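**Q** Below is the structure I would like to discuss, written out as structure tokens.
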Amino acid sequence: MPSDRVDIIVPSYLNEQLTTACFRSIRKNTKPSSYRIIWVDGGSSDLSVASAELAGLDYVLIEFATNQGFVTMVNEGLRISDGGLVCLLNNDTLVSSRWLEKLKATLAANEKLGIVGPLTDYYRSDGGPTSMDSHHSLTLHDTLLPPEAREWDLEKI
């Protein structure tokens with residue numbers, strides 16, 4: 001029987017500052033002992049700061065000597081995963097309060113669902129506090145929230 005733990009697979013290559021911030025946000029915003037981080041690195045030269053951020057957490061580090069690309073690194077994380085659920089998380093992601101609980105609740109609410117994903121915040125061309133965009137962005141799904149939501153911070157969204 002699968003465990004209740006979620007395996008969070010985080011592939012990375014270089015950009016240790018982003019990876020460290022990602023791990024810090026997971027630590028801050030995720031219920032302890034509900035997850036394990038499977039960090040798959042593709043040959044970064046220095047992992048010391050990001051590794052220090054994981055101290056005391058349940059995690060596994062898989063290191064490749066060279067960058068193997070996103071798909072290969074994710075597949076390696078999936079290969080060793082034994083959690084009841086798996087979350088793929090880019091290393092440049094900052095998670096918000098109860099993010100994992102919310103994703104799990106959405107998935108559990110409908111037995112027809114097999115996969116769920118979050119939306120990122122709004123893109124701001126001025127480089128403001130929410131200046132990222134992706135194909136999951138609220139910018140592309142602007143009818144989900146009221147117009148004033150463009151001024152909300154990620155936590156309120």
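**Q** Which whole-Hz couplings ³J(HN,Hα) result when phi for each residue of the range 65-75 is put into the Karplus expression 6.51 cos²θ - 1.76 cosθ + 1.60, θ = phi - 60°, listed in order with x for Gly and Pro?
**A** Result, rounded to whole Hz: 5, 9, 5, 9, x, 4, 4, 4, 5, 5, 4.
**Q** Please compute the length gained on full extension between residue 78 and residue 156, using 0.36 nm multiplied by the number of residues separating them and subtracting their Cα-Cα distance.
**A** Details: separation 78, 0.36 × 78 = 28.08 nm, distance 3.21 nm.
Extending this stretch completely gives an extra 24.9 nm.
**Q** Continuing with this model, one more query. For the pairs 28/112; 104/156; 112/156, note any where the Cα-Cα span goes beyond 23 Å. Display every interim value, and only then the final one.
**A** Working: 28/112 31 Å; 104/156 19 Å; 112/156 29 Å.
Exceeds cut-off: 28/112; 112/156.
**Q** For the pair residue 102 and residue 61, what calculated FRET efficiency results from E = 1/(1 + (r/R0)^6), where r is the Cβ-Cβ distance and R0 = 41 Å, to the nearest 0.05? Could the numbers behind the result be given before it?
**A** Numbers: r = 27 Å, r/R0 = 0.66.
Plugging the Cβ-Cβ distance into 1/(1 + (r/R0)^6) gives 0.90.
We did not get these values from a lab; they are worked out from the coordinates using the rules stated. On a predicted model such as this, the values are computed, not experimentally measured, just so you know. FYI the Cβ positions are ideal-geometry reconstructions off the backbone, even for glycines, and counts take in every protein chain you see.
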